[in-house]
Each structure stands twice: as structure tokens, then as C-alpha cells.
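K.L.:
Structure provided below as C-alpha cells; questions to follow.
The values are calculated or read from the model by the stated rules, or taken from the named source; none is laboratory data. Here the structure is a predicted model, which is why all the values come from computation and not from measurement. Cβ: placed from backbone, ideal geometry, glycine included. Neighbour counts: every protein chain shown.
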């Protein structure tokens with residue numbers, strides 16, 4: 001029996017790199033990490049790993065077409081944020097269509113979405129992620145909705161920036177109204193989920209890849225315990241900040257990218273996120289104390 005192959009797009013992204021690391025150690029599958037033509041390869045091909053450079057905005061070349069045609073699973077992490085909302089939407093839809101066009105079975109495609117995605121989004125990122133997820137589901141693929149990955153030692157990705165700022169500023173920021181939820185995910189739970197998906201081939205659907213949510217204030221309080229210091233209370237109305245950022249983005253008073261970052265960080269559609277199914281046989285560790293971050 002031949003060893004199954006997994007194609008990983010966006011393999012030079014933060015999550016894509018983690019996927020390659022985990023699947024190389026947790027499975028016996030052959031891996032085909034795909035990076036952009038301009039990306040520096042993190043490792044040479046060899047053994048079970050065969051790196052490919054490919055422009056996903058164009059029709060796949062012969063090597064990628066062959067890999068997609070034989071892949072037991074395709075994990076699609078690749079994403080572009082550049083341009084207007086219409087340009088971002090078009091570029092990401094184009095990538096998905098090119099992948100699906102070279103795959104014999106759309107059920108093998110797993111699109112990695114975000115907890116910022118929502119049918120009633122406030123940010124361009126949330127809107128386009130949701131649109132892409134809907135496209136994948138309509139074509140017969142599956143969606144994994146990824147939360148905030150907590151990589152403790154050393155911190156990496158978006159969590160690194162959050163932890164760094166909490167440790168650096170002498171303020172205890174707390175939302176006084178419109179407190180958002182945080183949907184964290186331990187690093188080992190991310191690895192277990194990806195390995196589960198590629199080895200068990202779950203039924204198509206939209207699935208959670210995040211721990212039970214907790215309030216923004218409680219999450220910050222736990223992070224503060226990792227860097228004890230005297231902090232001044234700094235309450236802020238999260239709901240008002242969201243509305244102000246949305247208005248500033250619409251009126252172009254502040255750079256749209258900055259407004260979109262605020263909207264992406266503070267807005268989470270909890271009912272929509274909790275409507276995604278749990279993968280059978282998996283459970284994620286809850287963020288109940290500071291040990292979650294160690």
C-alpha cells in the first residue's frame with residue numbers, strides 16, 4: 001500500500017510552518033509543502049518532504065497538478081491580504097478554484113479559516129475568510145476554524161506580539177463594554193488536530209480548532225500573571241472602539257489597514273463560531289489558569 005501524501009499550501013506562513021513540523025513528526029505521510037515563487041525554502045527536499053514553489057494565483061504547473069491529483073489531503077493555509085476588499089476576495093477565491101480544479105475530489109480540501117470570519121463581519125479579513133469558507137463548503141470541501149495559537153517557548157506568531165505588549169506596558173487594559181471573547185488554542189492541540197484530520201479523513205464539514213472561549217479581560221489577567229508588575233487600571237469601551245474603527249475605516253480618516261487590525265482583534269462572532277462542529281475524538285484544553293501558557 002502506498003504512503004498517502006499531504007499538500008500544504010502557504011507552508012512558509014506561521015501556521016503552515018507549524019503544520020509541516022507537526023505532520024513530519026506525528027504522521028508517516030509524504031508531505032508536499034507549497035510556497036510562493038519568491039519564498040526562500042526552509043529546507044531542501046528529501047525523505048518524506050518535497051518542497052514546491054508555485055504561484056497559486058495562476059493555474060497549477062505540472063508538478064503541483066501531479067501532487068494535487070494524488071494527495072489524500074490538501075491543507076490550504078495560503079492567504080493574501082493585499083489590496084481592496086474586492087481584490088482580496090478575488091485573489092483568494094482564485095487560489096481555491098485553481099486548487100479544486102486540479103483535485104479529483106473536493107472533499108480532500110481543508111481550508112484553514114479564522115475566528116475572525118463571520119457572516120456579519122466588521123473587518124475585510126473576517127469578511128473574505130468567511131466568503132472563502134463558504135466557497136469551499138459549497139464545492140464539497142471542509143473548513144477548520146483556527147483560534148489564537150499559544151506557543152509558549154519561545155512565543156511566536158500573533159500570540160508573541162500580544163504577550164510582549166502585555167509584559168511591556170504598565171497598564172491593565174480591561175473592556176468595560178462590548179467585551180469580546182478570546183478563542184485560544186494550545187500548540188499541542190493544533191498539532192493533534194492536523195494529524196487527526198490527515199490520518200482519519202473526517203466527514204466533510206466546518207469544524208472548530210480552538211479551546212472553549214473566555215472573556216478578553218480574563219485572558220489578559222492570565223497573561224499578566226506571566227509578567228508580574230504594578231499596573232495602572234486602563235478601562236476602555238470595546239464596543240465604542242469597534243464602532244469608531246468601523247467609522248474611521250469607512251470615512252478613510254485613518255489608514256484602512258490599521259482600522260482593520262483593530263476590528264479583527266476585537267470583534268468575534270461567538271454564536272457563529274460555536275456553531276462549528278467539534279471533531280469526533282478530540283478535546284481541547286481549556287484556558288483556566290496561567291499554566292495554559294507554559
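K.L.:
Quickly run through the range 98-116 and pick out the residues that are in contact with a helix residue (DSSP H, G or I) (Cβ under 8 Å, 6 or more places away or on another chain) and assigned to a helix (DSSP H, G or I).
P.N.:
Listed by number, the residues that qualify are 99, 100, 106.
K.L.:
Search the range 254-268 for residues being within 30 Å of residue 195 (Cβ to Cβ) and out of contact with any helix residue (DSSP H, G or I) (no Cβ under 6 Å at 6 or more places or on another chain), and hand back the single one that is surrounded by the fewest Cβ atoms within 10 Å (Cβ to Cβ).
P.N.:
265
K.L.:
Quick check on the range 152-160. Is at least one of its residues buried (at least 20 other Cβ atoms within 10 Å of the Cβ), under 16 Å from residue 208 (Cβ atoms) and touching a strand residue (DSSP E or B) at 6+ places or on another chain (Cβ under 6 Å)?
P.N.:
Scanning the range 152-160, I find no residue that is buried (at least 20 other Cβ atoms within 10 Å of the Cβ), under 16 Å from residue 208 (Cβ atoms) and touching a strand residue (DSSP E or B) at 6+ places or on another chain (Cβ under 6 Å), so the answer is no.
K.L.:
Separate question: Quick one: in the range 1-20, which of the residues that are more than 17 Å from residue 190 (Cα to Cα) and surrounded by fewer than 18 Cβ atoms within 10 Å (Cβ to Cβ) is nearest to the chain's Cα centre (by Cα)?
P.N.:
Step by step, filter the range 1-20, then rank; the result is 4.
K.L.:
Of the residues 218, 195, which single one is surrounded by fewer than 19 Cβ atoms within 10 Å (Cβ to Cβ), assigned to a helix (DSSP H, G or I), more than 18 Å from the chain's Cα centre (by Cα) and on the phi < 0 side of the Ramachandran plot?
P.N.:
218
K.L.:
Just checking, how many residues over the range 235-247 are over 26 Å from the mean Cα position of the chain (by Cα) and surrounded by 17 or more Cβ atoms within 10 Å (Cβ to Cβ)?
P.N.:
0
K.L.:
Going by what's in this entry, would residue 67 be described as assigned to a loop (DSSP other than H, G, I, E, B), over 21 Å from residue 145 (Cβ atoms) and either touching a strand residue (DSSP E or B) at 6+ places or on another chain (Cβ under 9 Å) or in contact (Cβ under 8 Å) with a residue 40 or more places away in the chain (or both)?
P.N.:
It is false that residue 67 is assigned to a loop (DSSP other than H, G, I, E, B), over 21 Å from residue 145 (Cβ atoms) and either touching a strand residue (DSSP E or B) at 6+ places or on another chain (Cβ under 9 Å) or in contact (Cβ under 8 Å) with a residue 40 or more places away in the chain (or both).
K.L.:
As an exercise: evaluate residue 130 against (1) surrounded by 20 or more Cβ atoms within 10 Å (Cβ to Cβ); (2) assigned to a helix (DSSP H, G or I); (3) touching a residue at least 24 places away in the same chain (Cβ under 8 Å) and give the number of the one condition it does not meet.
P.N.:
(3)
K.L.:
Can you find even one residue in the range 269-284 that is surrounded by 12 or more Cβ atoms within 10 Å (Cβ to Cβ), touching a residue at least 60 places away in the same chain (Cβ under 8 Å) and within 21 Å of residue 82 (Cα to Cα)?
P.N.:
There is no residue in the range 269-284 that is surrounded by 12 or more Cβ atoms within 10 Å (Cβ to Cβ), touching a residue at least 60 places away in the same chain (Cβ under 8 Å) and within 21 Å of residue 82 (Cα to Cα).
K.L.:
Scan the range 80-105 and report the pairs whose first residue is on the phi < 0 side of the Ramachandran plot and surrounded by fewer than 17 Cβ atoms within 10 Å (Cβ to Cβ) and whose second residue is modelled with pLDDT under 95 and not in a loop (DSSP other than H, G, I, E, B), with Cβ atoms within less than 6 Å and a gap of 6+ or a chain change.
P.N.:
85/124
K.L.:
Looking at the range 174-181, can you tell me whether even one residue there is assigned to a helix (DSSP H, G or I) and either closer than 30 Å to residue 9 by Cα or touching a residue at least 24 places away in the same chain (Cβ under 8 Å) (or both)?
P.N.:
So far as the range 174-181 goes, no, none of its residues is assigned to a helix (DSSP H, G or I) and either closer than 30 Å to residue 9 by Cα or touching a residue at least 24 places away in the same chain (Cβ under 8 Å) (or both).
K.L.:
Of the conditions (1) touching a helix residue (DSSP H, G or I) at 6+ places or on another chain (Cβ under 9 Å); (2) surrounded by 13 or more Cβ atoms within 10 Å (Cβ to Cβ); (3) not in a loop (DSSP other than H, G, I, E, B), residue 204 satisfies every one except a single condition; which number is it?
P.N.:
That leaves (3) as the condition not met.
K.L.:
Would you list the helices (runs of 4 or more DSSP H) that sit entirely within the range 221-287 and hold 1 or more residues that are closer than 27 Å to residue 205 by Cβ?
P.N.:
Those helices (runs of 4 or more DSSP H) span 256-266, 270-273.
K.L.:
If you don't mind, another one. Pick from 214, 223: which is touching a residue at least 24 places away in the same chain (Cβ under 8 Å) and in contact with a strand residue (DSSP E or B) (Cβ under 7 Å, 6 or more places away or on another chain)?
P.N.:
When all the criteria are applied, what remains is 214.
K.L.:
Still on this structure, please answer the following. Select, from 28, 58, 62, the only residue that is surrounded by fewer than 19 Cβ atoms within 10 Å (Cβ to Cβ), in contact (Cβ under 8 Å) with a residue 40 or more places away in the chain, more than 27 Å from residue 264 (Cα to Cα) and out of contact with any strand residue (DSSP E or B) (no Cβ under 8 Å at 6 or more places or on another chain).
P.N.:
The conditions single out 58.
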